[in-house]
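**Student:** Just passing along the structure, written as structure tokens.
The values are calculated or read from the model by the stated rules, or taken from the named source; none is laboratory data. These figures come from a predicted structure and were not determined experimentally. Every residue, glycine among them, receives a Cβ derived from its backbone with ideal geometry; neighbour counts consider all protein chains shown. Side chains included, ligands, DNA and RNA excluded: accessible areas come from the protein's heavy atoms. Shrake-Rupley method; radii C 1.70, N 1.55, O 1.52, S 1.80 Å.
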Amino acid sequence: APRPTPRQLTEHLLVDGLGLGLCLDCVTMSGTCALTFQIECIATKPGEAVFVVGSAPEIGAWDAGKAVPCLTSTKVYPNWTSQTVTLPANAGKIEFKVLVQAADGKSPASARWEGGPNRCLSIPEGKGGLVQLSASCSWGLPEVTYRTKMDGATVGGGQGLPPAPTPAPAPAPEEAKKGQEPKKVVDSMMPRLETGVHFGLEEFVDESGDSLGPLENASSSNLLRKASRNHSQTMAERMQRRSSRHLCINNDGMLNSDMSRVPSMMLIDASELEEDTKKYTEEVEKLERDSLNIMQRRMPSGSLLEKMEEVIGSADKDSIVLLQGFNWESWRAGAGDWYSVIGKSVDKFKHVGVTDIWLPPPSSSVAPQGYLPSQLFNLDGSKYGTQASLETLIKTLHENGIRAIADIVVNHRCGDKQDSQGRWNQFTSGMENRPSFAGVMDWGGWAITLGDTYSDGTGEHAPGKYDGKFDAAPDIDHANQKVQQSIAIWLRWLQLQVGFDGWRFDFVKGYSAEFVGLYCKKSAPAWAVGELWGDMQYDDNGLAANQDRHRQEITNWVNSTDKQSTAFDFTTKGILQEACKNCQYWRLKDANGKPPGLIGWMPKYAVTFIDNHDTGSTQRHWPFPDDKVLVGYAYICTHPGIPALFWDHVMDWGENVRNQIADLLRVRRESGIPVDAPVNIIRADADSYVAEIGSPAALRVALGPRHAGDADGSYWEQGPQGKDYRVWIHKKPAPTPPPAPPPAKSSDAKSPVHSSPKGGAKAETLPDVSFPDITVDGVKLTPAKLKAMSKQEVEQLVGKLEPLLNASKLAKALKK
């Protein structure tokens with residue numbers, strides 16, 4: 001029988017997630033198999049290399065000291081290629097694993113073996129022919145792909161594939177001329193291959209006429225996709241259905257594995273696809289974080305930050321709703337696992353409209369609340385729960401579209417050891433399982449500002465001129481570059497290892513704002529907020545009417561961070577609670593007719609709030625009046641800025657309060673109130689405040705005991721209301737009546753007859769309209785199309801065009 005031609009070569013590839021390896025030329029000899037391994041591995045450290053060891057004596061007989069070494073280079077890393085191993089062609093099935101050890105192979109006892117079951121590979125019987133075998137796999141993943149060449153013919157496959165079928169040779173010319181069916185001949189040089197466990201996946205034959213090219217090299221992005229599919233059981237099971245996919249071949253004859261993994265859009269449920277896509281995206285993001293976490297101490301910080309920005313992204317300030325996910329007693333209430341308490345309430349957060357949750361300080365701390373941190377990498381020492389519990393919580397939050405904000409306490413740090421003079425100024429990191437982090441956060445007295453009680457005089461800088469003092473713990477010198485580098489590494493670790501998305505910086509008046517900006521630039525959070533709690537101005541009558549100096553300090557701080565961070569609007573907090581407590585709503589309008597807090601000057605950088613763990617909770621250092629809390633939320637949920645909610649109000653004050661807050665946030669969201677929405681203050685008297693928010697006005701709010709009167713019913717409709725507050729929502733425009741069919745023609749042209757609907761009323765017809773053709777959202781709109789639109793379509797069109805019309809009228813009026 002003639003030998004098979006390239007047109008008849010058979011190729012098998014595992015459709016669900018196999019890595020693709022590079023088929024290199026191997027040295028071959030009669031009656032033997034020349035085997036080469038292609039390994040993709042990013043688990044090595046400097047001075048280490050990848051090795052392959054297995055059951056056959058030629059690959060070490062499970063002795064790490066005799067393992068087969070693999071080589072790489074800067075151009076092809078993380079791909080490793082082994083030296084060629086010569087095996088008897090009748091070696092049968094062999095097992096192997098990948099390990100990492102010192103490149104010289106002299107320390108087998110310290111080798112790191114990959115987990116999981118052994119990989120299996122069947123050595124084909126050459127029957128005297130020449131056999132070349134190239135096996136490809138990725139560290140930590142069980143699949144194996146292979147390419148076999150037997151006397152010029154190539155067969156591919158993978159662990160978990162069915163045996164390869166034997167192709168029939170091309171018909172002889174004589175048979176072709178006679179139109180006879182060619183005889184099916186089995187070629188002894190193309191035996192069926194056995195390679196591990198078999199799944200019932202499709203087989204196909206390449207009949208493109210093109211010779212098979214080399215298998216493509218697996219990129220790191222492919223590795224992430226492979227791992228994601230491996231860990232998504234639901235996705236994998238659906239993808240293995242025979243009826244849900246096609247096998248797609250490129251022009252070069254190779255399997256397009258990406259296209260072949262895509263289910264047919266005609267055979268899948270759209271809702272299932274959306275759910276799978278969401279899970280797939282979340283898993284890929286997690287895998288990308290994991291990959292960057294491994295590489296962060298080996299990559300230039302600039303390249304690392306670029307990748308982190310792609311993974312974490314930035315938050316849309318227009319849509320952020322922050323919830324403080326704890327109070328002063330949560331460490332006690334959680335009985336050692338507050339993270340689980342939060343995780344059980346995710347559905348309630350989603351109901352309220354929360355997009356971000358501010359979690360408590362995660363590190364080991366001298367104080368149980370977390371604000372006297374010591375070993376910053378030691379998350380198992382926290383009173384709120386273990387690192388594993390925290391990572392589980394953040395994973396749950398991410399699955400529900402909620403970001404996790406870490407409480408960053410770096411103004412001060414408690415030493416966990418004493419120096420020779422008995423001062424607690426020796427710091428250890430708490431990191432025990434990452435050798436590449438050795439020395440990070442291991443500080444001495446040199447990291448403390450000069451003049452501090454805990455200083456040993458070896459520091460570099462004194463506190464800044466405007467730095468606030470915190471006497472309970474050593475004051476950290478943020479001007480020291482080693483300190484800066486350590487904190488940046490720690491922040492990136494919190495993002496990449498633990499999963500945090502953003503930062504809340506504690507006690508920022510204790511160190512310069514420029515360092516907050518630096519730490520944001522070195523970690524690329526989705527967003528950040530700082531706690532600058534300064535003193536407000538008072539006079540003989542209590543809180544002074546003008547608090548411009550107070551909000552100017554916050555404005556200066558934001559600008560000094562290079563606008564890398566927002567700030568809690570303590571100015572609005574102080575003025576609002578004074579207005580509500582003493583019925584002094586005149587306070588809510590400054591001399592320029594704007595809101596008197598930071599939201600009146602820098603709304604994009606203002607995070608408004610009612611209470612937190614310091615001002616409220618069991619500490620109550622500066623509490624909002626309990627009976628006016630909902631009035632306060634009616635203000636911050638309708639006005640510009642980023643609204644922040646307190647755990648006690650949302651979770652501990654009952655379902656009624658939670659639902660009222662949720663209603664306020666709902667109308668904010670549905671009305672499209674942006675973070676910098678303009679505010680038109682109509683009235684600000686002692687007992688009444690009325691304002692309209694948005695341009696054009698989308699919300700109207702009234703605060704105070706005096707009835708605000710009824711709003712214009714043609715423009716406003718009633719929204720949420722409660723004791724001392726009312727909210728109105730801009731009415732949606734009344735729908736235009738749908739066009740009626742034209743009247744029936746009568747033979748008497750002078751007396752046209754109109755058909756009447758039931759009840760005797762005459763049917764109304766839409767008069768002819770005329771206007772130049774316009775384009776709306778990329779669709780050309782003509783008078784004929786307008787008349788043919790349904791009621792719902794016309795409503796949508798009016799909703800799109802009305803803001804433009806109103807703005808045009810306003811512009812026209814202003815230019816008179």
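**Student:** I need every pair where a residue in the range 406-418 that is surrounded by fewer than 22 Cβ atoms within 10 Å (Cβ to Cβ) has its Cβ under 8 Å from the Cβ of a residue that is in a strand (DSSP E or B) and of a type in the set (Gly, Ala, Ser), sequence separation at least 6 or different chains.
**Tutor:** Listed by first residue and then by second, the contacts come to Cys414/Ser365.
**Student:** Only one of (1) surrounded by 15 or more Cβ atoms within 10 Å (Cβ to Cβ); (2) over 19 Å from Trp728 (Cα atoms) is not met by Tyr689, so which one is it?
**Tutor:** (2)
**Student:** While we're here: Take the residues in the range 90-101 that are of a type in the set (A, V, I, L, M, F, W, C) and farther than 15 Å from Trp80 by Cα, then tell me which one is most open to solvent (accessible area, probe 1.4 Å).
**Tutor:** Ala91
**Student:** Then there's this: Considering Ala89, Ala109, which residue is more than 44 Å from the chain's Cα centre (by Cα) and of a type in the set (Gly, Ala, Ser)?
**Tutor:** Ala89 is the lone residue from the list that is more than 44 Å from the chain's Cα centre (by Cα) and of a type in the set (Gly, Ala, Ser).
**Student:** Let me ask something else. Which of (1) surrounded by 15 or more Cβ atoms within 10 Å (Cβ to Cβ); (2) in contact with a Phe, Trp or Tyr (Cβ under 8 Å, 6 or more places away or on another chain) does Leu397 not meet, given it meets every other one?
**Tutor:** (2)
**Student:** If you don't mind, there's one more thing I want to ask. Residue by residue through the range 558-597, note down the ones that are open to solvent by 20 Å² or more (accessible area, probe 1.4 Å) and within 25 Å of Phe507 (Cβ to Cβ).
**Tutor:** Answer for the range 558-597, where residues must be open to solvent by 20 Å² or more (accessible area, probe 1.4 Å) and within 25 Å of Phe507 (Cβ to Cβ): Asn559, Ser560, Asp562, Lys563, Gln564, Glu578.
**Student:** For a quick check of your reading of the model, give me the residue pairs whose first member lies in the range 329-350 and is closer than 18 Å to Gly401 by Cα, whose second is assigned to a helix (DSSP H, G or I) and of a type in the set (A, V, I, L, M), with beta-carbon atoms closer than 6 Å and at least 6 apart or on different chains.
**Tutor:** From the range 329-350, the pairs are Tyr339/Leu390; Tyr339/Leu393; Ile342/Leu393; Gly343/Leu393.
**Student:** Tell me which of these Glu655 doesn't satisfy, since it passes every other one: (1) over 28 Å from Asp347 (Cα atoms); (2) without any contact (Cβ under 8 Å) to a residue 24 or more places away in the chain; (3) not basic (Lys, Arg).
**Tutor:** Result: Glu655 fails condition (1) only.
**Student:** Please count how many residues of the range 693-710 are surrounded by fewer than 18 Cβ atoms within 10 Å (Cβ to Cβ) and either within 17 Å of His639 (Cβ to Cβ) or of a type in the set (Ser, Thr, Tyr) (or both).
**Tutor:** 2
**Student:** Now for a different question. Return the residue satisfying two criteria in turn: it lies in the range 322-346 and is in a helix (DSSP H, G or I) and more than 12 Å from Gly370 (Cβ to Cβ), and of such residues it is most open to solvent (accessible area, probe 1.4 Å). Don't jump to the end; show me each part of the working.
**Tutor:** Of the residues in the range 322-346, the ones in a helix (DSSP H, G or I) are 330-333, 338-343, 346.
This time we only want the ones that are more than 12 Å from Gly370 (Cβ to Cβ), so: 332-333, 339-343, 346.
Values: Arg332: 142, Ala333: 73, Tyr339: 4, Ser340: 44, Val341: 49, Ile342: 0, Gly343: 27, Val346: 6 Å².
Checked the range 322-346; the qualifying residue most open to solvent (accessible area, probe 1.4 Å) is Arg332.
**Student:** To continue, here is another question. Any residue in the range 58-80 that's open to solvent by less than 70 Å² (accessible area, probe 1.4 Å): show its pairings with residues that are at pLDDT 90 or above and basic (Lys, Arg) at Cβ separation under 7 Å, as long as the two are six or more apart or on different chains.
**Tutor:** That search, which allows pairs on different chains as well, returns Gly60/Lys66.
**Student:** Take the range 351-365 and flag every residue that is open to solvent by 10 Å² or more (accessible area, probe 1.4 Å), in contact (Cβ under 8 Å) with a residue 60 or more places away in the chain and touching a Ser or Thr at 6+ places or on another chain (Cβ under 7 Å).
**Tutor:** Listed by number, the list holds a single entry, Ser364.
**Student:** Still on this structure, please answer the following. Considering only the range 625-660, how many residues are part of a loop (DSSP other than H, G, I, E, B) and touching a strand residue (DSSP E or B) at 6+ places or on another chain (Cβ under 9 Å)?
**Tutor:** First, pick out the residues of the range 625-660 that are part of a loop (DSSP other than H, G, I, E, B): 625, 637-641, 653-654.
Add one more test, that the residue is touching a strand residue (DSSP E or B) at 6+ places or on another chain (Cβ under 9 Å), and what stays is 637-641.
Residues in the range 625-660 being part of a loop (DSSP other than H, G, I, E, B) and touching a strand residue (DSSP E or B) at 6+ places or on another chain (Cβ under 9 Å): 5 in total.
**Student:** Would you mind telling me which numbered condition in (1) open to solvent by 30 Å² or more (accessible area, probe 1.4 Å); (2) part of a helix (DSSP H, G or I); (3) in contact (Cβ under 8 Å) with a residue 60 or more places away in the chain Asp663 fails?
**Tutor:** So Asp663 meets the others, but not (3).
**Student:** Next question, about the same structure. Quick check on the range 375-385. Is at least one of its residues outside any loop (DSSP other than H, G, I, E, B), open to solvent by 60 Å² or more (accessible area, probe 1.4 Å) and modelled with pLDDT of 95 or more?
**Tutor:** No, every residue in the range 375-385 fails to be outside any loop (DSSP other than H, G, I, E, B), open to solvent by 60 Å² or more (accessible area, probe 1.4 Å) and modelled with pLDDT of 95 or more.
**Student:** Could you tell me whether Gly422 is at positive phi, surrounded by fewer than 18 Cβ atoms within 10 Å (Cβ to Cβ) and not hydroxyl-bearing (Ser, Thr, Tyr)?
**Tutor:** Spelling it out, Gly422 is indeed at positive phi, surrounded by fewer than 18 Cβ atoms within 10 Å (Cβ to Cβ) and not hydroxyl-bearing (Ser, Thr, Tyr).
**Student:** Please work out which residue is surrounded by the most Cβ atoms within 10 Å (Cβ to Cβ), limiting yourself to the range 449-489 and to residues that are assigned to a loop (DSSP other than H, G, I, E, B), in contact with an Asp or Glu (Cβ under 9 Å, 6 or more places away or on another chain) and of a type in the set (Val, Ile, Thr).
**Tutor:** Thr449
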